Amino acid sequence: MPERRELRNCRLETLVIHGGWRPDPATGSPLPPVAQTGSFAYESADELESVFAGRAPGYVYSRIANPTVSALESRITALEGGAGALAAASGMNVISTLAITLCGAGGQIVSSRAIFGGTYSLFARTLAHLGMETVFVDARDPAAVAAAIGERCRMVFVETISNPAMEVPDLSALATVARTAGVPLVVDSTVTTPYLIRPGELGAALAVHSTSKFINGHGTAIGGILVDCGNFDWGAGRHPHLEEFTRRAGQQGLLAALRQRYWRDLGGCQAPLNAFLQGAGLDTLAVRMERHCANAAALALFLNGHPAVRRVYYPGLPDSPYHDAAARQFGGKFGSILSFELAGPEQCFRLINALRLALNLANLGEARTLVIHPASTICRDFSEAEKEAIGANPRLVRVCTGLEHPDDILEDFAQALRRI
Ligand SMILES: *Cc1c(COP(=O)(O)O)cnc(C)c1O
């Protein structure tokens with residue numbers, strides 16, 4: 001595509017709309033049309049044979065690839081500046097399939113202990129059941145991560161901003177530690193999106209996103225995506241089962257292994273309609289993230305000065321221990337998730353019940369401001385020690401600011417705080 005060369009110089013606000021996709025040549029549709037089909041017909045047996053053999057491009061069956069899903073993959077690849085991407089049924093499907101593919105039974109994961117509850121459960125319980133061991137570490141300490149990497153380590157996993165603890169690790173330092181050991185650094189950038197950070201630029205091998213959150217932006221569908229940042233040699237060393245794929249596909253070796261074996265066999269495809277919804281949301285990612293982040297900064301400042309609030313966790317506050325790391329890595333923006341402590345769980349419940357605009361629900365990155373009490377909901381299955389490690393203490397309320405006028409959000413919290 002000749003237009004791609006010009007696009008390379010575009011700003012992210014433009015790339016988010018135009019990158020990786022041009023209006024559908026068959027229909028002129030500006031957004032990728034929904035290819036709502038399970039399979040694809042060919043005129044001749046020879047043609048279909050060529051596609052199966054990999055000699056000709058083409059779609060066969062939507063569990064393996066679908067045009068609407070491919071368009072989303074190509075758009076997010078362009079945004080991340082990566083080598084390629086694979087969209088899947090959910091964020092959890094991306095992380096679980098990736099871990100199974102990279103590690104196999106007996107493999108080790110070194111993971112930050114401050115991660116999304118679903119990912120913690122996957123690593124600590126489900127993958128342990130399948131014979132994979134996860135060592136949880138304090139990812140704020142690159143030396144501790146280096147020390148935890150064992151002979152059987154196949155991936156290091158961190159999040160850009162953990163929640164509800166809102167920790168921000170030094171990704172460049174972690175990328176160096178992982179690379180020195182020959183292990184890929186996997187960065188879950190769900191809460192930052194490519195608008196705040198492109199993990200590949202800091203040396204991460206892979207970026208993963210739950211597109212159910214800010215990329216979709218409206219809470220209308222579940223989805224996930226894996227991006228190969230294009231800087232890790234899958235043919236070297238720690239992943240001998242990927243060597244054959246890498247010999248054939250080069251930098252696309254991991255994605256080829258997923259598409260031609262592991263992810264294909266596990267069956268975690270993204271539905272075409274869901275890919276359409278994520279793609280429609282992606283168009284407005286830049287303007288939404290501006291407003292999301294500005295609203296969070298305003299609410300964090302307000303809560304920080306409120307007498308009923310014991311403590312506010314938000315990397316954008318100047319006294320946050322993560323302010324410098326976040327400012328350096330996220331281009332002066334700090335995301336739209338914050339959490340804060342009240343006197344106890346009763347006050348948290350009363351606050352949530354008194355809010356009029358903010359919705360009480362278990363998602364992030366929607367148009368509406370969202371609140372939840374993590375300890376009694378998304379983290380309720382965890383032991384006290386696990387809750388402590390993840391940062392879900394019972395006095396904590398998590399907020400993800402939406403796109404409303406900031407004064408209305410502040411007024412909503414002000415009136416609710418009067419009634420706790
Ligand atoms: C939501 C989320 C996930 C899981 O994604 P789903 O699409 O819900 O499966 C993974 N990581 C983070 C940081 C998340 O917020």
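Each value in this text was obtained by applying a stated rule to the coordinates, not by laboratory testing. Worth saying up front: this structure is predicted, and the values here are computed from it rather than measured. Quick reminder, even Gly has a Cβ in these numbers, built from the backbone with ideal geometry, and neighbours come from all protein chains shown.
If you take every residue apart from Glu133 with its C-beta less than 14 Å away from the C-beta of Glu133, what net charge results, scoring Lys and Arg +1 and Asp and Glu -1? Walk me through the intermediate numbers first.
Values: positive: Arg125, Arg152, Arg154; negative: Glu151.
Here the charged neighbours net out to +2.
Write out the GluC sites (Glu not before Pro) in the stretch 1-90 meeting two conditions: DSSP loop, and at most 13 other Cβ atoms within 10 Å of their Cβ.
Working: sites: Glu3, Glu6, Glu13, Glu43, Glu47, Glu49, Glu73, Glu80; in loops: Glu43.
Hits after loop and neighbour filter: Glu43.
Going by how many other Cβ atoms sit within 10 Å of their own, how do Met132, Met155 line up, fewest first? Please report the intermediate quantities before stating the final value.
Details: Met132 23, Met155 26.
The fewest-first ordering by Cβ neighbours comes to Met132, Met155.
Using θ = phi - 60° and the Karplus curve 6.51 cos²θ - 1.76 cosθ + 1.60, what whole-Hz ³J(HN,Hα) does each residue of the stretch 118-132 get, with Gly and Pro shown as x?
Rounded to whole hertz, the list is x, 5, 4, 5, 4, 5, 6, 10, 5, 6, 4, 4, 8, x, 9.
Through the Karplus equation 6.51 cos²θ - 1.76 cosθ + 1.60, θ set to phi - 60°, convert the phi angles of the stretch 415-420 into ³J(HN,Hα) values in whole Hz; use x for Gly and Pro.
Going residue by residue, I get 5, 5, 5, 6, 10, 8 Hz, with x marking Gly and Pro.
Need the C-alpha centroid separation for the stretch 193-223 versus the stretch 69-114, integer Å.
11
Along the charge dipole of the chain, which of Gly391, Val191, Leu403 sits closest to the positive end, that is, farthest toward it, with unit charges on the beta carbon of Lys, Arg, Asp and Glu (+1, +1, -1, -1)?
Gly391
Between the helical axis of 91-103 and the dominant principal axis of the chain, each derived from Cα atoms, what acute angle in degrees is found, rounded to the nearest 10?
Orientation of helix 91-103: about 60 degrees from the principal axis.
For a bin width of 10 Å, list the pair-distance distribution of the stretch 285-374 built from all Cα-Cα distances, rounded to whole %.
P(r) for the stretch 285-374, in whole percents per bin: 16, 47, 32, 5.
If I take the Cα coordinates of the stretch 172-312 and project them onto the principal axes, what are the three extents in Å, biggest first?
60, 40, 23
Could you line up Trp263, Trp21 from fewest to most neighbouring Cβ atoms inside 10 Å? Can you show the working numbers first?
Working: Trp263 25, Trp21 19.
Listing Trp263, Trp21 from fewest to most nearby Cβ atoms yields Trp21, Trp263.
Please compute, over every Cα-Cα pair in the chain, the percentage with a separation greater than 33 angstrom.
So the pairs more than 33 Å apart make up 33 percent of the total in the chain.
Helix 272-282: angle to the longest alpha-carbon principal axis of the chain, degrees 0 to 90, nearest 10?
Rounded to the nearest ten degrees, it is 50.
Could you work out the local net charge near Gly253, counting Lys and Arg as +1, Asp and Glu as -1, over the other residues with Cβ closer than 10 Å to its Cβ? Walk me through the intermediate numbers first.
Numbers: positive: Arg247, Arg248; negative: Asp228, Asp233, Glu243, Glu244.
Net of charged neighbours comes to -2.
Using a cut-off of 13 Å between beta-carbons, work out the net charge of the residues near Ala358 (Lys and Arg +1, Asp and Glu -1, Ala358 not included). Each step should come with its number before you reach the end.
Values: positive: Arg356, Arg368, Arg398; negative: Glu366, Glu404, Asp408, Glu411, Asp412.
Here the count lands on -2.
With charges only on Cβ, +1 for K and R and -1 for D and E, what is the dipole size of the stretch 11-148 about its Cα centre, in debye, rounded to 20? Kindly include the intermediate steps, with their values, before the conclusion.
Working: 8 positive and 11 negative charges, 80 e Å.
Result for the stretch 11-148 is approximately 380 debye, rounded to the nearest 20.
Taking amide H positions as placed in the peptide plane 1.01 Å from N, state which residues far from Leu359 in sequence (5 or more) or on other chains have amide H under 5 Å from it.
Thr369, Leu370, Val371
In whole Å, largest first, what are the principal axis extents of the Cα atoms in the stretch 338-392?
Ordered largest first, the stretch 338-392 gives principal extents of 33, 25, 17 Å.
In nm², what is the average projected area of the convex hull enclosing the Cα atoms of the stretch 1-130?
Details: hull surface 46.1 nm².
Result: a mean projected hull area of 11.5 nm².
Roughly what % of Cα-Cα distances in the stretch 229-378 sit above 29 Å, to the whole percent? Walk me through the numbers on the way to the answer.
Values: 5003 of 11175 pairs.
Percent of Cα pairs beyond 29 Å in the stretch 229-378: 45.
Compute the long axis of helix 67-80 from its Cα atoms, compare it with the longest principal axis of the Cα atoms of the chain, and write down the angle in degrees, 0 to 90, nearest 10.
Here the helix axis deviates by roughly 60 degrees.
How many percent of the alpha carbon pairs in the stretch 66-212 exceed a separation of 27 Å? Could the numbers behind the result be given before it?
Working: 1661 of 10731 pairs.
That tail contains 15 percent of the Cα-Cα pairs.
Which residue, His292, Pro23, Gly117, has the largest displacement toward the positive end of the dipole of the chain when charges sit on each Cβ (Lys, Arg +1; Asp, Glu -1)?
Value computed over the given set: Gly117.
Using the Cα centre as the reference, give the magnitude of the dipole from point charges on the C-beta atoms of the stretch 12-281 (Lys, Arg: +1; Asp, Glu: -1; all else neutral), rounded to the nearest 20 debye. Spell out each step's value before the answer.
Details: 18 positive and 22 negative charges, 53 e Å.
It comes to approximately 260 debye.
Quick one: compute a quarter of the convex hull surface over the Cα atoms of the stretch 196-274 and quote it in nm². The partial results should precede the final answer.
Details: hull surface 24.8 nm².
Dividing the Cα hull surface by four gives the mean projection, 6.2 nm².
Counting other beta carbons within 10 Å of each residue's own, what order do Asp381, Asp170 fall into, fewest first?
Numbers: Asp381 11, Asp170 20.
The most exposed by this proxy come first: Asp381, Asp170.
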